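Below you'll find the structure, written out as structure tokens, and then a few comments.
Where a number appears in this text, it was derived from the coordinates with a stated rule and is not lab data. From a predicted model like this one, the values you see are computed outputs, not experimental measurements. Don't worry about glycine lacking a Cβ; one is built from the backbone with ideal geometry, like all the others, and counts go over all protein chains shown.
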Amino acid sequence: MTDRHTTEREPTDRGDGPTPGAAILTAGRIATVAFTIAASAAAAAPDRLARPVAVFDCLLFLVGIAAFLLAYSRAIGRSRTELVDILGVYFLGGGAAPAHVRRQLLGAFAVQVVVAVVTASVRPYTSVAFGILVPMLGLGLAGLWGATHGTFPSRARAAGDR
């Protein structure tokens with residue numbers, strides 16, 4: 001009996017079958033679109049929208065922190081039997097995730113960074129600048145996917161290769 005986390009397989013990019021962690025991918029897309037719309041609207045009309053959008057930004061930041069910490073906890077648990085690394089967990093590198101998953105999650109993270117920097121630059125020293133906290137959500141969701149569904153080599157197999 002093999003554990004899905006410890007198999008020595010290369011992640012596929014064919015999309016044949018359901019993608020594990022599809023809810024995480026969907027949450028990343030929805031949050032990124034909602035943040036982009038809200039931040040753009042707040043930058044365009046800061047007098048009316050800056051404060052409600054700042055509350056929304058802080059909520060996304062808190063969800064990102066929770067996802068990041070949950071990912072860290074799961075990665076620690078998996079590190080007992082697998083060679084888990086930070087690059088693989090949070091940035092889905094080293095073959096930890098299929099390319100389409102990496103593109104979606106890191107793409108959402110990149111969009112969040114760009115939107116946050118641009119809108120905060122347009123309206124510095126206002127509540128719009130709270131958007132700079134939101135990319136924590138993208139990083140947390142990528143980490144949550146990596147720690148939960150990522151593929152890492154087994155410690156037992158790596159020890160036997162020496």
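In terms of modelled amide H atoms, which long-range or inter-chain residues lie less than 5 Å from the amide H of Glu82?
Distant-sequence amide H within range of Glu82: Arg155.
Starting from a Cα-only point model with no solvent, please compute log10 I(q)/I(0) by Debye for the stretch 77-127 at q = 0.19, 0.20, 0.32 1/Å.
Debye curve over Cα of the stretch 77-127, log10 I(q)/I(0) at q = 0.19, 0.20, 0.32 Å⁻¹: -0.71, -0.74, -1.12.
Under a Cβ-only charge scheme (Lys and Arg +1, Asp and Glu -1), can you give me the dipole magnitude of the chain about the Cα centre, in debye to the nearest 20?
120 debye
Please work out which option in [x] 18.0, 64; [y] 15.3, 48; [z] 16.5, 47 gives Rg and Dmax of the Cα atoms in Å calculated from these coordinates, and answer with its label.
[x]
GNM, the chain, Cα, under 10 Å: largest mean-square fluctuation among Ala45, Ala147, Ala54?
Most flexible of the set in this elastic network: Ala45.
Once label points are set 7 Å from the Cα along Cα→Cβ at both Ala34 and Arg103, what is their separation, rounded to one decimal in nm?
2.6 nm
Could you work out how far apart the two model spin labels at Val113 and Ala23 are, taking each label as a point 7 Å from the Cα in the direction of the beta carbon, and quote it in nm?
It works out to 2.8 nm between the two label points.
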